[in-house]
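Okay, so here's the structure we're looking at.
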Amino acid sequence: QFHMIKHEDLTWRESLGQGSFTHISRGSKTDQWDGVTHSTEVLLKVLDANHKNCWESFFEAASLMSQISHKHLLLVYGISVHKSKNIMVQEFVKHGALDLYLKRSTSVSVSWKLDVAKQLACALNFLEEKNIAHGNICAKNLLLAREGDPSADNSPFIKLSDPGISMALLGKDVVLDRIPWVAPEVLDTLEIELECDKWSFGSTLWEIFNNGEAPLQGLDPIQKQQFYEHFSNLPALEWTELADLIIQCMQYQPELRPSCRSIIRQLNSLITSDYEILHATGTHPK
Ligand SMILES: Nc1cnc(-c2cc(N)nc3[nH]ccc23)cn1
């Protein structure tokens with residue numbers, strides 16, 4: 001169920017860092033269309049040679065993304081297997097991961113953040129309707145295709161990346177490190193259900209409205225585990241309506257978490273209320 005890309009059709013450029021058991025590089029792939037050679041900029045995600053046993057999960061994650069297509073889901077062109085290298089070839093998204101972008105940017109407006117949150121909610125709604133759980137929703141996995149320029153009145157555009165290798169294979173330390181994005185029930189079952197993505201959405205909302213700061217970043221794995229054992233909540237944002245939505249998503253009982261439709265409805269109401277606050281008081285909520 002994958003398009004196989006020949007290794008000789010790939011060109012490797014600079015390394016861009018690494019994920020869980022993977023290395024990523026910028027690159028390009030060449031295609032022949034009616035005899036004309038086209039070169040497309042791509043992101044090359046290589047599975048570490050010493051984690052070859054994860055290759056099924058590595059490709060399973062990618063095939064999840066290539067079976068369905070949606071404007072806010074990352075496009076996976078295919079895979080390339082060459083000697084001991086397992087390579088996933090993805091579309092290259094210009095401005096990279098949202099967490100780094102938010103950390104670097106100073107003047108990102110509330111409406112910009114709400115717009116991004118709504119796009120993520122739409123992507124999750126699309127997956128929910130297909131009964132597909134992603135399992136790794138976080139700002140690091142949101143890629144910024146368009147920055148959006150307030151003066152030109154155009155808005156940001158994000159793409160949700162593939163979930164990567166399933167946590168069942170990543171081991172306990174990686175799962176603990178993913179607190180508070182990973183839903184509490186996953187620590188016991190290592191099974192990803194739709195409700196897990198709602199919990200992660202809450203955590204990602206917190207990141208977006210805290211300028212890319214990682215929630216609970218100062219805690220070590222044991223303290224992170226205790227955060228769940230004590231049924232703790234993230235520090236509330238000052239904007240109470242948004243803080244309420246985060247609390248709803250991060251309910252410890254999965255069945256109490258809101259549907260994507262409810263999440264979208266609440267985000268829409270926030271956008272209008274944000275507009276009212278702006279025009280009523282001339283100031284933005286923090
Ligand atoms: N599918 C993807 C994934 N990551 C990127 C990307 C873009 C960029 N400008 N800097 C980066 N630094 C690390 C990754 C990355 C692009 N496309």
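The values are calculated or read from the model by the stated rules, or taken from the named source; none is laboratory data. Remember, predicted model here, so these are calculated numbers, not experimental data. We place every Cβ from the backbone using ideal geometry, glycine too, and count neighbours over all the protein chains shown. Just the protein is used for accessible areas: all its heavy atoms, side chains included, with ligands, DNA and RNA removed. Shrake-Rupley method; radii C 1.70, N 1.55, O 1.52, S 1.80 Å.
Counting only protein heavy atoms and a 1.4 Å probe, the range 135-237 has 43 square angstrom of accessible area per residue.
Considering all C-alpha pairs of the range 122-203, those separated by over 23 Å amount to 28%.
Relative to the longest principal axis of the C-alpha atoms of the chain, give the angle of the C-alpha long axis of helix 240-249, reported between 0 and 90° and rounded to the nearest 10°. Roughly 50 degrees between the two axes. The charge dipole of the range 1-57, taken about the Cα centre with unit charges on the Cβ atoms of Lys, Arg (+1) and Asp, Glu (-1), comes to about 180 debye, rounded to the nearest 20. If only the Cβ of Lys and Arg carry +1 and only the Cβ of Asp and Glu carry -1, the dipole of the range 130-199 around its Cα centre is close to 160 debye.
Peptides 263-269, 140-146, 250-256, ordered by how many other C-beta atoms sit within 10 Å of their residues on average, highest first, read 140-146, 263-269, 250-256.
Over the range 1-103, the ratio between the Cα radius of gyration and 2.2 N^0.38 Å evaluates to 1.08.
Can you bin the range 59-106 into rounded, prolate or oblate? Criterion: square roots of the alpha carbon gyration tensor eigenvalues sorted a ≥ b ≥ c, rounded for a/c under 1.5, prolate for a/b above b/c, oblate for the rest. Oblate, since a/c reaches 1.5 and b/c is not below a/b. About the centre of its Cα atoms, the chain shows a dipole size close to 600 debye [charges on the beta carbon of Lys, Arg (+1) and Asp, Glu (-1) only; nearest 20 debye]. The trypsin sites (Lys or Arg not before Pro) of the range 1-80 that meet both conditions, a loop assignment by DSSP and at most 16 other Cβ atoms within 10 Å of the site Cβ, are Lys6, Lys71.
The percentage of C-alpha pairs in the range 191-265 whose separation is greater than 14 Å is 62%. Can you give the log10 of the normalised intensity I(q)/I(0) at q = 0.07, 0.12 Å⁻¹, computed with Debye over equal Cα scatterers of the chain? Here log10 of I(q) over I(0) equals -0.27, -0.79. Most tightly packed first, judged by the mean number of other beta-carbon atoms within 10 Å of their residues, the peptides 221-231, 113-123, 181-191 read 113-123, 181-191, 221-231. With bins 10 Å wide beginning at 0, the percent of Cα pairs of the range 155-282 falling in each bin runs 11, 40, 34, 12, 3, 0. For the chain, the fraction of 1.4 Å probe accessible surface lying on carbon and sulfur atoms is 52 percent. Mean residue ellipticity at 222 nm, helices only, the chain: -12000 deg cm²/dmol; runs of at least 4 DSSP H residues each add -39,500 (n - 2.57), and the sum is divided by the number of residues.
Scalar couplings 3J(HN,Hα) for the range 47-58, obtained by applying the Karplus form with A = 6.51, B = -1.76, C = 1.60 to θ = phi - 60°, are 6, 3, 4, 7, 10, 4, 5, 8, 5, 5, 5, 4 Hz; x denotes Gly and Pro.
For the chain, the residue among Ser203, Gln226, His95 whose Cα projects farthest onto the positive side of the dipole built from Cβ charges is His95.
Electrostatic tally near His95: other residues with Cβ closer than 14 Å to its Cβ, Lys and Arg +1, Asp and Glu -1, net +2.
Mind checking the angle between helix 260-281 and the chain's longest principal axis? C-alpha axes, 0 to 90 degrees, to the nearest 10. Rounded to the nearest ten degrees, it is 60.
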